[in-house]
1. Within the range 17-24, can one find any residue that is of a type in the set (S, T, N, Q) and touching an Asp or Glu at 6+ places or on another chain (Cβ under 8 Å)?
2. Return yes or no: is GLU107 more than 30 Å from ALA273 (Cβ to Cβ), in the same structural domain as LEU161 (by TED's automatic domain parsing), part of a helix (DSSP H, G or I) and in contact (Cβ under 8 Å) with a residue 12 or more places away in the chain?
3. Could you tell me how many of the residues in the range 228-285 are in a loop (DSSP other than H, G, I, E, B) and in contact with an Asp or Glu (Cβ under 6 Å, 6 or more places away or on another chain)?
4. For the range 185-198, indicate whether the set of residues that are within 12 Å of GLN238 (Cα to Cα), touching a strand residue (DSSP E or B) at 6+ places or on another chain (Cβ under 7 Å), part of a helix (DSSP H, G or I) and not aliphatic (A, V, I, L, M) is non-empty.
5. For the range 52-82, enumerate the residues that are charged (D, E, K, R), over 42 Å from the mean Cα position of the chain (by Cα) and either assigned to a helix (DSSP H, G or I) or within 17 Å of PRO7 (Cα to Cα) (or both).
6. For SER135, are the conditions met, namely being in the same structural domain as LEU252 (by TED's automatic domain parsing), among the hydroxyl-bearing types (Ser, Thr, Tyr) and under 22 Å from VAL253 (Cβ atoms)?
7. Say whether the condition of being in a helix (DSSP H, G or I), in contact with a Ser or Thr (Cβ under 7 Å, 6 or more places away or on another chain) and among the aliphatic types (A, V, I, L, M) is met by at least one residue in the range 18-25.
8. Among the residues of the range 198-231, write down those that are farther than 15 Å from LYS187 by Cα, charged (D, E, K, R) and over 33 Å from the mean Cα position of the chain (by Cα).
Amino acid sequence: MDWKGIPSLASLRAFEAMARLGSLSGAARELNVTHAAVSQHLRHLESEFGESLARREGQGMALTEAGHELAAALGDGFGRIAEGVTRLRDRSISRPVVVALTPSFAEAWLMPRIGGFWAAHPEIEVRLVPGIALSDLRRDGIDLAIRFGEGNWPGLDAEPLTASRFAVVAAPDFTKARTLEDLGRLKAHDWFFSTASSEQRIWGRAIGVDFERVGAREMANNGLVVSAVRAGLGLSIQALPLVAPDLQSGQLVSLFEGDAEGLGYYMVTRPEALSPGTRLFRRWLRRTARGETPQGEARNA
């Protein structure tokens, strides 16, 4: 297409609105410009084509034969553009929001809360992809990732979501250890970890225990780890929200609580336009992490 041979789109848009609404003032209101601006666009087009396109008639504007011909072409063209944009926007809204996150965060933080999002937005499908491997957002088709760390992921946008408060937990009679020095003396067979939780090893460094050196018993998922600890087989480092019910009931006791300073969970996205569903879910995550209970989110964030 040779755009040099086509008049300015702003002028064509102004003429289409004037032709459809029948007046310069009506077009000005719709386009949020001045009456004089629409009139100037009309003069520009008439100069471009070398003939009159509209004339004043009472309080409005009447199209000439050439004006009718141009208005019909523009109405068809702009209509097809609007249909294409609407279809693409609807497809973007309806496609699933794909979210990558660690299994432990999904279990401890997201799943107890996400019912509120589903209830408010049943039209938006959120597809969760739990895993401990670092996803390539573009290659893997991930719209949003919730990652644990310091927020430094080159080429990606990261926004803090929630701090990583944790506790060292055990059955009430498993150990008398109560200080970081005591915990540092425990051996590999005393600790239980989930292979699906990278956070536990990072929290270990925060309490001065190098699990790469000390070692630990590993289990397939965090549910098995907590069950083993409840049974008095060892102890573990857990996100506080996950073990809060056990601490309240007395099934587990907290030997130490803290947070890894500078570390936390971040919402991570590609540095480009997000789909409407992704923007909405991100806004819900943000407000939920602040303790708000939003009712009916707006469609922008």
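The values are calculated or read from the model by the stated rules, or taken from the named source; none is laboratory data. The shown structure was predicted, so the numbers you read here are calculated from the model rather than taken from an experiment. No Cβ is skipped: glycine too gets one built from the backbone with ideal geometry, and neighbour counts run over all protein chains shown.
1. Among the residues of the range 17-24, not one is of a type in the set (S, T, N, Q) and touching an Asp or Glu at 6+ places or on another chain (Cβ under 8 Å), which makes the answer no.
2. yes
3. 3
4. no
5. Within the range 52-82, GLU65, GLU69 qualify.
6. No, not satisfied.
7. Yes, the conditions are met somewhere in the range 18-25.
8. Hit for the range 198-231 is ARG230, nothing else.
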